[in-house]
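Structure, as structure tokens:
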Amino acid sequence: MISDALMPGLFRVADRRAVLAQTRHVRVTLTQLAMLWIAVLAGVSTQVTGNGSFGFFGVGAYIVLVFVRVYGRISHHEAIWYENRQLAESLRSLVWRYAMGGAPFGKEESRDVDDEYTERITHLLDDMKHAPVPEGPTDVQLITEEMRRARELALADRKKIYAEERVLSQLQWYVARARRDGYRSARLDVLFLTASAAAVFFGLLQAFAVLNVNLLGLFGVIGASFYTWQSQRRYGKQAATYAAAANQLTLVHTALGRARSESEWADFVETAESGIGREHTSWRVARAQP
């Protein structure tokens, strides 16, 4: 695909760093939840068996939980993930604007578009606290030969490439993600409600002295874990955001054929990329919220 070849080295570094930081952040969160489950299960096991040695597992789990929590705080994986993902997607948008002759890099611009392009990337990097570090000579590359070649193609060819490899590709991605995250959100809601119902049930059994084991606490922690994971991943909000972006891109694709001159095309690409960019801005703002 031409879209893969277009991307400069800086995009690839930011993308790799975002994926790695996201993976580590998710692992830290899952480890904390796992340690919490182990601690509670150890407490229930001690109650059921009367064997106090299970308490050591609970104590150990809480100690690990504290260390993992501190590690998560000082490693800044979440912030690194957000910043580098935002940088990668902003770079992707700039690359498409440049390669397709979209504003502010239109083919009819009198100013030096290479300087404008570089200046915009400089502004992106200036706002970052966790900027990616180049890993090799090609990682500092900002303008690829593929970008220049695509920019010199005829308008009809650029329109075809943009329609297939940018608009339709993004549209399909958003539709798939909206469905996936919508399903995950619904599944977590069901698991949370099931665990909460179990907690209420066993709590009533304890209240009426039918059961002496603290299963209320166990299922309460399980339910809280599902709720925490839902809050962390924000599947419901993301599904709605992805669906809105898909609808926006559907309108963009419908209007694609209306641009007949270079100036109209430059404005069209700018409008399309601004719409895609709003989704990424919304994503980061939502992620920054507690």
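Annotations
- Relative intensity, log₁₀ I(q)/I(0), of region 1-147 from a Debye sum that treats every alpha carbon as a point, q = 0.15 Å⁻¹: -0.80
- Cβ crowding within 10 Å averaged over residues, with 149-157, 212-220 ranked highest first: 212-220, 149-157
- Estimated at 0.36 nm per residue, the fully extended path between Ala176 and Ser261 surpasses their Cα-Cα distance by 27.3 nm.
- Distance between the pseudo-spin-label points of Leu30 and Arg148 (7 Å out from Cα toward the beta carbon): 4.4 nm.
- Farthest toward the positive end of the dipole of region 2-288, out of Val133, Ala178, Phe192, is the Cα of Phe192, where the dipole comes from beta carbon charges about the Cα centre.
- Gln47/Phe67 FRET efficiency (R0 22 Å; Cβ-Cβ; nearest 0.05): 0.25
- Reciprocal mean inverse distance between Cα atoms of region 66-193 - Kirkwood radius, Å: 17.9 Å
- Relative to the longest principal axis of the Cα atoms of the chain, helix 113-126 runs at roughly 20 degrees.
- Quotient of C-alpha Rg and 2.2 N^0.38 Å, computed over region 2-288: 1.33
- Cα long-axis angle, helix 235-255 against the chain (0 to 90 degrees, to the nearest 10): 20 degrees
- Global form of region 212-278, assessed from the alpha-carbon gyration tensor, a/c cut-off 1.5: prolate
- Average Cα contact separation per residue, the chain, under 8 Å, 6 or more apart, as relative contact order %: 26 percent
- Per-residue [θ]222 nm for the chain (sum of -39500 (n - 2.57) over DSSP H runs n ≥ 4, rounded to 500): -27000 deg cm²/dmol
- Gyration tensor over the Cα atoms of region 163-290: the corresponding equivalent ellipsoid has semi-axes (square roots of 5 times the eigenvalues, largest first) of 48, 12, 8 Å.
Bear in mind that the values in this text are calculations on the coordinates, not laboratory data. Worth saying up front: this structure is predicted, and the values here are computed from it rather than measured. Ideal geometry is used to build each Cβ from the backbone, glycine not excepted, and the neighbour counts take in all protein chains shown.
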